[in-house]
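A short reminder: the numbers here are calculations on the coordinates, not readings from a lab. Only a predicted model underlies this, so the values are computations on that prediction, with no experimental measurement involved. Positions of Cβ are generated from backbone atoms using ideal geometry, with glycine treated the same way; all protein chains shown enter the neighbour counts.
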């Protein structure tokens, strides 16, 4: 997979003008739309839920890349799938030995399944389930808040994931992504990048999207 999938995070969008801000990244050439779902338990913040995702689905053609930063993710797979999710990613740390079952639960609903690991989690813990997932999301900041600084040591996990995954694996990186850190991640084997502040706070959103490729 040579093309880099750019998935702008609406966590950095203006929620009072969400449709406008989604159209901005869609028109700028974004590939997916990254939607962070936080429950105030797994991470110390609360964002959006199923009704908002359902509404977003009606106003964009972009695939919805749903990142569940929540406890008990299996309870919410079907509602998010029915709301229009195209990719659902959950955290290994919220599922542990239930991870493979959740991957299969997502895929049974004809949705791509992603598994995410936090900065302190080593990729070896998901080695046995890597070949079942469609995507691995490597967090290069602590999940829960936007605008954090890129943790370069987390990017060192990417080659291990690439070496131990199937050929069609999407390796996504989220946290502190800009034109410089994007190059680091892509050089190590990432093929999907999430960026929030870098895109939405740019004076030229199209140029910001293109700079990540």
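Which whole-number percent gives the relative contact order of region 143-213, counting Cα pairs below 8 Å spaced six or more residues apart?
After rounding, I find 33 percent.
Given 5 Å bins starting at zero, what is the percent of C-alpha pairs of region 35-121 in each, up to the one with the largest pair distance?
Result returned by the calculation: 3, 16, 28, 26, 17, 8, 2, 0.
Measuring from label point to label point, each 7 Å out along Cα→Cβ, what is the residue 164 to residue 206 span in nm?
Rounded to a tenth, the inter-label distance reads 4.3 nm.
Go through 137-143, 149-155, 57-63, 80-86 and give me the packing order, highest mean Cβ count within 10 Å leading.
For the peptides 137-143, 149-155, 57-63, 80-86, the packing ranking is 137-143, 80-86, 149-155, 57-63.
Of 179, 190, 113, which is the most mobile in a GNM of the chain whose springs link Cα atoms less than 10 angstrom apart?
179
With label points built 7 Å along Cα→Cβ from the Cα atoms of residue 131 and residue 96, find their separation and express it in nm.
2.6 nm
Using a ≥ b ≥ c from the Cα gyration tensor of region 117-198 (square roots of the eigenvalues), is it rounded, prolate or oblate, where a/c under 1.5 gives rounded and otherwise the larger of a/b and b/c decides, a/b for prolate?
It comes out prolate by the Cα gyration axes.
So what is the relative contact order of the chain, in percent, for Cα pairs below 8 Å that sit 6 or more residues apart?
About 21 percent, as a whole number.
Dividing the Cα convex hull volume of region 7-50 by residue count, how many Å³ per residue is that?
Residue-normalised Cα hull volume stands at 77 Å³.
Counting only DSSP beta bridges with both residues in the chain, what percent are antiparallel, rounded to the nearest 5?
Of those bridges, close to 5 percent are antiparallel.
For region 22-101 and region 178-213, what is the separation of their C-alpha centers, rounded to whole Å?
Using only Cα atoms to place each centre, the spacing works out to 20 Å.
If you wrap the chain's Cα atoms in a convex hull and average its projection over all directions, what's the area in nm²? If you can, show how the numbers build up before the last one.
Working: hull surface 41.0 nm².
For the Cα atoms of the chain, the hull's average projected area reads 10.3 nm².
Would you mind putting 25-38, 94-107 in packing order, based on average other-beta-carbon counts within 10 Å, highest first?
25-38, 94-107
Name the most mobile residue of 75, 162, 183, meaning the one with the largest mean-square fluctuation, in a Gaussian network model of the chain with Cα contacts below 10 Å.
Fluctuation is largest for 75.
With r as the distance between the Cβ atoms of residue 78 and residue 124 and R0 = 41 Å, compute the FRET efficiency 1/(1 + (r/R0)^6) and round to 0.05. Display every interim value, and only then the final one.
Details: r = 30 Å, r/R0 = 0.74.
So, using R0 = 41 Å, E works out to roughly 0.85.
Among 68, 193, 24, whose mean-square fluctuation peaks in a Gaussian network model of the chain (Cα, cutoff 10 Å)?
The residue that fluctuates most here is 24.
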